[in-house]
1. Might you let me know whether segment 237-250 holds any residue that is within 14 Å of residue 185 (Cβ to Cβ) and touching a helix residue (DSSP H, G or I) at 6+ places or on another chain (Cβ under 7 Å)?
2. Taking the stated definitions as given, is residue 68 touching a strand residue (DSSP E or B) at 6+ places or on another chain (Cβ under 6 Å) and more than 30 Å from residue 280 (Cβ to Cβ)?
3. Restricted to segment 27-43, and to residues that are touching a strand residue (DSSP E or B) at 6+ places or on another chain (Cβ under 7 Å) and part of a helix (DSSP H, G or I), which residue is nearest to residue 86 (Cα to Cα)?
4. Restricting to strands (runs of 3 or more DSSP E) lying wholly in segment 135-199: which have 2 or more residues that are near the ligand (Cβ under 8 Å from one of its atoms) and within 22 Å of residue 227 (Cβ to Cβ)?
5. For residue 169, indicate whether it is touching a strand residue (DSSP E or B) at 6+ places or on another chain (Cβ under 8 Å), surrounded by fewer than 23 Cβ atoms within 10 Å (Cβ to Cβ) and on the phi > 0 side of the Ramachandran plot.
6. Evaluate segment 91-108: report whether one residue or more is in a helix (DSSP H, G or I), more than 27 Å from residue 211 (Cβ to Cβ) and modelled with pLDDT of 95 or more.
7. For segment 254-264, which positions are in contact (Cβ under 8 Å) with a residue 60 or more places away in the chain, within 14 Å of residue 213 (Cα to Cα) and surrounded by fewer than 16 Cβ atoms within 10 Å (Cβ to Cβ)?
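The values are calculated or read from the model by the stated rules, or taken from the named source; none is laboratory data. Note that the structure is predicted; figures quoted are calculated from it, not measured. Because the Cβ atoms are built from the backbone with ideal geometry, glycine has one as well, and the counts that use them run over all protein chains shown.
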Ligand code: DAU
């Protein structure tokens, strides 16, 4: 595993992993020399590394270009040289957003239309991989997944931010009116889908990953408040995100029918309750990152 350990990294997440099957290297995916030496010894590369938080990309886009664009370029050049199988992890945000009442969902043929600096760099990285497949015969697949939730998620993200706020006696913060819709999938289901694509996906293909988990943000906050014994309206509406995508929704028919994948954590409320319990039980994991995260939000009135 190669990771830069930016503000978002946390070595404590690796505790308990079997040492004989796993090696950690601290470094940058945009470091061509390091990447080349690691790819030389790999059977396959799964590229999860990214600057991933929209709010950060609105404050300072440059790291998103460096890691998401130059980092992806560096990796695909290395796997091209070594003839290594490559899987590129991406996001449904490359497709832009959908209207609230629109019955449509994103499919593999939806045109790219990213809204934020973050999603524009992910779209750019997907297009690089596609071009390397066509021009150089790269043995690559791509997946675009919807919003993840579950344990080990950084406290800047929506669900862990609100859970840890409530633990701290702070009211959850909803952007705008809380009407934006996200399509939630448990992180373990995302992982099982990636493994399925790595093992059985067709080279050059893109697969959308989703678990039919559409919910608006207000409903999610109300569920968190209920599970944590708070009044359903004990939240604050705060300044909206610039360019805030209204709704994401994934049609994962291709992955399910062609590769036989299905999600195992279908019940969002059960998964959310287990996630809340995990944050209650693992304060040592998230506490060191909480104050700095909230300080960044405070500057923006969020
Ligand atoms: O769709 C996949 C994407 O999901 C991934 O590509 C991104 O890496 C990941 O960060 C996530 O993007 P979002 O921008 O949807 O996630 P975030 O957790 O930042 O926000 C989820 C929704 O909640 C969004 O509508 C903004 C809103 N929100 C977020 C925060 C942090 C709030 O209302 N209040 C908050 O405090």
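1. First, the residues of segment 237-250 that are within 14 Å of residue 185 (Cβ to Cβ): 248-250.
Subset that is touching a helix residue (DSSP H, G or I) at 6+ places or on another chain (Cβ under 7 Å): 248, 250.
Yes, that holds for at least one residue.
2. No, not satisfied.
3. Of everything passing the filter in segment 27-43, 39 is nearest to residue 86 (Cα to Cα).
4. In segment 135-199, 173-175, 181-183 are the strands (runs of 3 or more DSSP E) which contain 2 or more residues that are near the ligand (Cβ under 8 Å from one of its atoms) and within 22 Å of residue 227 (Cβ to Cβ).
5. Considered against the rule, which asks whether it is touching a strand residue (DSSP E or B) at 6+ places or on another chain (Cβ under 8 Å), surrounded by fewer than 23 Cβ atoms within 10 Å (Cβ to Cβ) and on the phi > 0 side of the Ramachandran plot, residue 169 comes out as no.
6. No, that holds for no residue.
7. 264
Residue-wise test of (1) surrounded by fewer than 20 Cβ atoms within 10 Å (Cβ to Cβ); (2) under 22 Å from the mean Cα position of the chain (by Cα); (3) at positive phi; (4) touching a residue at least 12 places away in the same chain (Cβ under 8 Å).
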site	(1), (2), (3), (4)
42	yes, no, no, yes
46	yes, yes, no, yes
59	yes, yes, no, yes
66	yes, yes, no, yes
118	no, yes, no, yes
